[in-house]
Amino acid sequence: MLDQNQKPVVLEVEGLRVYYETPAGDVLAVNGVDFQLYQGETLGLVGESGCGKSTAAMGVLQLVVPPGRIVSGQVLLDGQNLLDLSERELRKLRWAKLSLIPQGAMNSLNPTMKVNRQIQDVINAHLDRTSKQEIRDRILELLQMVGLPERVYHMYPHQLSGGMKQRVCIAMAIALSPQVIIADESTSALDVVVQRVVAQTLLRVKEALGVSMIMIGHDMGLMAQMVDRIAVMYAGKIVEIALVKDIFDQPAHPYSQLLIESVPSLKEHKPLKVTEGITHDPRHPPPGCIFQLRCPLVMDQCRQQEPVSQEVRPGQWVACHAYQSSEADQ
Amino acid sequence: MLLEIRDATKIYGSSGGSKDEVVALQDFNLKIPKSPASITAIAGESGSGKTTLANAILGFVKLTSGQVIYDGQDIAHAARAQMKDYRRDVQAVFQDPFGVYNPFYRVQHVFYQVIRNFGLNHNRAEWQQMIEEALNAVGLRGQDVLRKYPHQLSGGQRQRIMMARAYMIEPRLIVADEPVSMVDASLRASILDVMLRLKEEKGISFLYITHDLSTAYQVGDQIYVLYQGSVAEKGATFSVIDRPRHPYVQLLVDSVPVPDPDVKWEGEVVFPPEEEMRSSVASGCRFYSRCSQRLDQCLQQQPPLYQVDDSDHQVACYLMST
């Protein structure tokens, strides 16, 4: 996979598999995910709940906890495979190089600590011998970057609104100027107007720092506003990855098409696109294509052979036999 | 009128000191006609009072003042028998399709319980037929779902089963409180479609409570947009969403992310952090401190609803008074 603009790759994920152990067998939550994240880009990771998008992010961060486990794969950050690192080495790297804005960030702050202490913890854990004044200045600078008033410095989380707490989490995520930020559904619990404020804060901060970002979510409208490329996940695999414009204008994979068609709009009153939601048992994916049970274009081949990802247009990669067979015909 | 709400006000914490009072709903009026069946959307952000409204209609919350009138009868003063009819005629579907099931029972238990509670029928074969019919109405088949446990179904299926349960009782109104907010995007349409079909084919009206303007736009006939307990704007959904007049509703419509990478948000929204933290003004328009077009007048008294065109489109804003 080569970027047309020849931007350097910051993060590379190869063949990542994360399974959850259950009495009835392993749930294949992330089942062979590959993607690259370029310098300064925002990559959207979309799919319905249970498709493995959050698990994939936890895999990248090496934060998978039992009963989950990373089965195989590589996560290369700066050429270093995170799977080879010890917990101690990883701890050095989290926040500093790779940070997370968690799902429901409003509940991830410690209710007994003032905002300044929480941000200070992040900074202290990584930078030794920083003077109190320097830390204080840095925290105030961070608050300003995310559009919060200075007063917030001395406040407890319960004194803040959801949108403000979310911005404190953004401030923590950028405190050590990481190379990659992973934002996991970080605005989905907020009201529309507040969501817009937080999303725009995130965009502004990202631009200012030139950091790369992976944004996980299911709101296609928000994705259209925020990201450069989109990776569409279904049942533990990336079925399509392309520039955001291509996903919206000419989605190639049948599942991406379904996803785009089901986006409600305020601009037009289109008929509802109803589909059946029966997915296979995640413990026993059928042989062949993972989308075969819901696919309107399913062919015999799809039940036998797993499609490999192919570039159907420049920068648009799709794992679907519909495209592969048409190429074979030509 | 099938359902009429008159001057409904709900104040929480009003018994003690007046300092901690929260006005969840203020002087709210609503009418749902008997026919034709319609979908009335109640839209608003968290804290706007939309769930208080749903709970007041369902009888879970007692209004501080005002009336909920069903079929001419104030439900606060209804006799026991009337109340039983009301409980049957007005059904509810809730937000969380995971929490409403008892995980120890198979899905069929949900239906058996309803049949027992309402004494719908005595014959097992008829039970099965009723259940099957209700499931078919929402696009499911008994053999696929009834013997399963809730965790074996998708969120969309679970929510459609709740619709089937409500439908089986042959209600006249279904209060659906955020029925699609926890369901995946690709399956959301299947639930909205069930609502439209029950309306068209079975003549069931809906009160559709949501924070999502785009789904309200897709299915709603009428819309009421609430802001901090009061109606900011109401009217035919097309009219309100296509041409919002209230500054808040304009901001709201404008903030819904457009699913088109070529149409980006214009400008940044800035609002005072105090306002984010909800220290609202004591009198006057609730939107005053966030409003870009505020007038002195707005602080004195809460604006009444002004008619803006010949339809039923009404806006609570002094800018409309001229």
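If the condition is being aliphatic (A, V, I, L, M), modelled with pLDDT of 90 or more and farther than 19 Å from B:Val256 by Cα, then region A:236-270 contributes A:Ile238, A:Val239, A:Ile241, A:Ala242, A:Leu243, A:Ile247, A:Ala252.
Residues that are free of Cβ contacts under 8 Å to residues at least 40 places away in the same chain and in a loop (DSSP other than H, G, I, E, B) were ranked within region B:134-169; the one that is nearest to A:Cys51 (Cα to Cα) is B:Ser154. Determine whether A:Asn110 is touching a residue at least 24 places away in the same chain (Cβ under 8 Å) and surrounded by fewer than 17 Cβ atoms within 10 Å (Cβ to Cβ). In short, yes. Here B:Ser181, B:Ser190, B:Ser186 are screened, and the one residue that is within 14 Å of another protein chain (Cβ to nearest Cβ), among the small types (Gly, Ala, Ser) and surrounded by fewer than 21 Cβ atoms within 10 Å (Cβ to Cβ) is B:Ser181.
One line per residue, one yes/no per condition, for (1) surrounded by 15 or more Cβ atoms within 10 Å (Cβ to Cβ); (2) in contact (Cβ under 8 Å) with a residue 12 or more places away in the chain:
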| residue | (1), (2) |
| --- | --- |
| B:Leu30 | yes, yes |
| B:Ile57 | yes, yes |
| B:Phe60 | no, no |
| B:Ser65 | no, yes |
| B:Arg80 | no, no |
| B:Ala92 | yes, yes |
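Each row is one residue, and each column tells you yes or no for (1) within 14 Å of chain A (Cβ to nearest Cβ); (2) surrounded by fewer than 22 Cβ atoms within 10 Å (Cβ to Cβ).
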{"residue": "B:Lys202", "(1), (2)": "no, yes"}
{"residue": "B:Phe206", "(1), (2)": "no, no"}
{"residue": "B:His211", "(1), (2)": "yes, yes"}
{"residue": "B:Gly220", "(1), (2)": "yes, no"}
{"residue": "B:Gln228", "(1), (2)": "yes, no"}
{"residue": "B:Ala232", "(1), (2)": "yes, no"}
{"residue": "B:Gly235", "(1), (2)": "no, no"}
{"residue": "B:Asp242", "(1), (2)": "yes, yes"}
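What residue, among those in region A:1-55 that are of a type in the set (Asp, Glu) and part of a strand (DSSP E or B), is nearest to A:Lys237 (Cα to Cα)? Filtering region A:1-55 for residues that are of a type in the set (Asp, Glu) and part of a strand (DSSP E or B), the one nearest to A:Lys237 (Cα to Cα) comes out as A:Asp34. Within region B:99-123, the set of residues being crowded, with 16+ Cβ neighbours inside 10 Å and in contact with a Pro (Cβ under 8 Å, 6 or more places away or on another chain) comprises B:Tyr101, B:Val107.
Can you go through A:Ser186, A:Ser161 and tell me which one is within 12 Å of chain B (Cβ to nearest Cβ), within 28 Å of B:Asp254 (Cα to Cα) and either touching a strand residue (DSSP E or B) at 6+ places or on another chain (Cβ under 9 Å) or surrounded by fewer than 21 Cβ atoms within 10 Å (Cβ to Cβ) (or both)?
Numbers: A:Ser186 fails: within 12 Å of chain B (Cβ to nearest Cβ).
Selected residue: A:Ser161, the only one of A:Ser186, A:Ser161 that is within 12 Å of chain B (Cβ to nearest Cβ), within 28 Å of B:Asp254 (Cα to Cα) and either touching a strand residue (DSSP E or B) at 6+ places or on another chain (Cβ under 9 Å) or surrounded by fewer than 21 Cβ atoms within 10 Å (Cβ to Cβ) (or both).
Based on this model, can you work out whether B:Val194 counts as in a loop (DSSP other than H, G, I, E, B), touching a residue at least 40 places away in the same chain (Cβ under 8 Å) and of a type in the set (Val, Ile, Thr)? Give the derivation first.
Numbers: in a loop (DSSP other than H, G, I, E, B): no; touching a residue at least 40 places away in the same chain (Cβ under 8 Å): yes; of a type in the set (Val, Ile, Thr): yes.
Answer is no for this residue.
The values are calculated or read from the model by the stated rules, or taken from the named source; none is laboratory data. No experiment lies behind these values; they were computed from the predicted model shown. Cβ sites come from the backbone with ideal geometry, for glycine too, and all protein chains shown count toward neighbours.
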